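Enquirer: What follows is a structure written as structure tokens; I'll ask about it next.
Please treat every number below as a calculation from the coordinates, not as lab data. Small disclaimer: the values here were computed from a predicted structure and weren't measured. Please note: Cβ atoms are built from the backbone with ideal geometry, for glycine as well, and neighbour counts cover all protein chains shown.
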Amino acid sequence: MPETPPTLLVMAGKRDGTLDPLAARAGVSHKAVVPIGGKPLIGHVLATLEEAWPDAPILVSIHEPAVIAEVEEVKRLEAAGRLELVPAEAGIVESVEAAAERARFPLLITTGDNVLTTPEAVRALHRTGIDRDADAVIGLARKEDIQAAHMEGQKGFYEFKDMAISNCNLFWLRDRKAFAAAEAFREGGQFFKNRDRIRKAFGIWNLIRFKLKLDTVEGAMARMSQRFGVKIVPHMFKDGSLAVDVDNERTYRVTEELLEKRRREAAEA
């Protein structure tokens, strides 16, 4: 029997409901429609998801759905009956929960600025969730792989006993039980820069272990799993460019360079 593809959820709402600086510079109301490489940010993301599975349903969570209604990929996927626009809620977790009410699980989540993700990456994340019998999977990349892709791709990394990592804005949830792991992020914002949020979510001892780099990545995920009562596993991508999303002027420029590099390599292949 063919494997059932996940529902694909793209988070494209405004952070804290405010206008993003990149959107302001481009003269648009949402970062999702900032142009790069010949199309809106979200157009790249949707084209990737469209290619990953020929029949997977796609949801886009956005505060003002009309903003992306004329994006080519949105019109094409809506016409094919594959895409639904869902109004975003006030917070990240609330938006995911609202969209999930319309989803068939498992649910694979990414963001509307994750331009450099690939069909191979999202399929690999889904495969890891199935093969490891996980409740949740987090896509990660090592510092050295990210810097090999571009030295300015990331400025900050999470340090563990065995490696330094960054996330790739790719997440997979088996079912609604897995939402327990998302409770930590209900307040949104820059979670790992707020010590009180980390302590509240993971507990003081786990915070100490994180700060002292006492755990490997797998060990830290096991501790998170125990605390939240769901099995959380990492998927480590070798392609470090997957950890670069369009978050500011620097990463916009980096993404432009990496997109052009991919185009050249594809033309030469």
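Enquirer: From the residues 242, 138, 83, which one has its Cα farthest along the dipole of the chain in the positive direction, the dipole being from +1 and -1 charges on Cβ of Lys/Arg and Asp/Glu about the Cα centre?
Expert: 138
Enquirer: Taking 0.36 nm per intervening residue step and subtracting the Cα-Cα distance, what contour gain separates residue 155 from residue 180 on full extension?
Expert: 6.0 nm
Enquirer: Here is a follow-up. Once you place label points 7 Å from the Cα toward the Cβ at residue 51 and residue 29, how far apart are they in nm?
Expert: With each label point 7 Å from Cα toward Cβ, the separation is 3.1 nm.
Enquirer: Between residue 213 and residue 132, how many nm apart are label points set 7 Å from Cα along the C-beta direction?
Expert: 2.2 nm
Enquirer: Springs between alpha-carbon atoms under 10 Å, Gaussian network over the chain: tell me which of 212, 22, 41 tops the mean-square fluctuations.
Expert: Residue with maximal mean-square fluctuation among 212, 22, 41: 212.
Enquirer: Between residue 78 and residue 19, what is the spin-label point distance in nm, taking each point 7 Å from the Cα along the Cα→C-beta axis?
Expert: The answer from the label model is 2.4 nm.
Enquirer: Here is a follow-up. Hey, what did the chain get for relative contact order, percent, Cα under 8 Å, at least 6 apart? Write down the numbers at each step before the final one.
Expert: On the way: 484 pairs, mean separation 57.7, N = 269.
Reported as a whole number, the value is 21 percent.
Enquirer: Arrange 36, 130, 146 by Cβ neighbour counts within 10 Å, fewest through most, would you?
Expert: Least to most surrounded, the residues fall as 130, 36, 146.
Enquirer: Please get the size of the charge dipole for region 47-153, origin at its Cα centre, with Cβ charges of +1 on Lys and Arg and -1 on Asp and Glu, quoted in debye to the nearest 20.
Expert: It comes to approximately 280 debye.
Enquirer: Kindly work out what percent of the DSSP beta bridges joining two residues of region 7-262 are antiparallel, to the nearest 5.
Expert: Percent antiparallel among DSSP bridges in region 7-262 is about 40.
Enquirer: Going toward the positive end of the dipole of region 7-262, with +1 on Lys and Arg Cβ and -1 on Asp and Glu Cβ, which of 160, 233, 43 do you reach last?
Expert: The residue sitting most towards the positive pole is 160.
Enquirer: Find how much the distance from residue 39 to residue 248 grows on full extension, using 0.36 nm per residue of separation minus their present alpha carbon separation; answer in nm with one decimal. Walk me through the numbers on the way to the answer.
Expert: On the way: separation 209, 0.36 × 209 = 75.24 nm, distance 1.75 nm.
Full-extension gain reported as 73.5 nm.
Enquirer: Would you mind ranking 20, 133, 162, 239 by Cβ crowding within 10 Å, fewest neighbours first? Walk me through the numbers before you get to the answer.
Expert: Details: 20 21, 133 9, 162 13, 239 18.
Lowest count first: 133, 162, 239, 20.
Enquirer: Out of these labelled values of Kirkwood radius over Cα pairs in Å, (i) 19.6; (ii) 20.9; (iii) 19.0, which was calculated from the coordinates shown here?
Expert: (iii)
Enquirer: So what are the ³J(HN,Hα) numbers for region 237-251, from phi and the Karplus equation (6.51, -1.76, 1.60; θ = phi - 60°), rounded to whole Hz, Gly and Pro as x?
Expert: 7, 7, 7, x, 5, 5, 8, 9, 10, 8, 10, 7, 4, 5, 6
Enquirer: Quick one: which residues, 5 or more positions from residue 163 or on another chain, have an amide H under 5 Å from its amide H? H modelled 1.01 Å from N in the peptide plane, none for Pro or chain starts.
Expert: Counting only residues 5 or more places away or on other chains, the set is 217.
Enquirer: While we're on this one: Any idea what the dipole of region 1-53 comes to, in debye rounded to 20, about its Cα centre with Lys/Arg Cβ at +1 and Asp/Glu Cβ at -1?
Expert: Dipole about the Cα centre, nearest 20: 340 debye.
Enquirer: Tell me, which longest segment in the chain has none of the GluC sites (Glu not before Pro) that fall in DSSP loops with at most 15 further Cβ atoms within 10 Å?
Expert: 188-269
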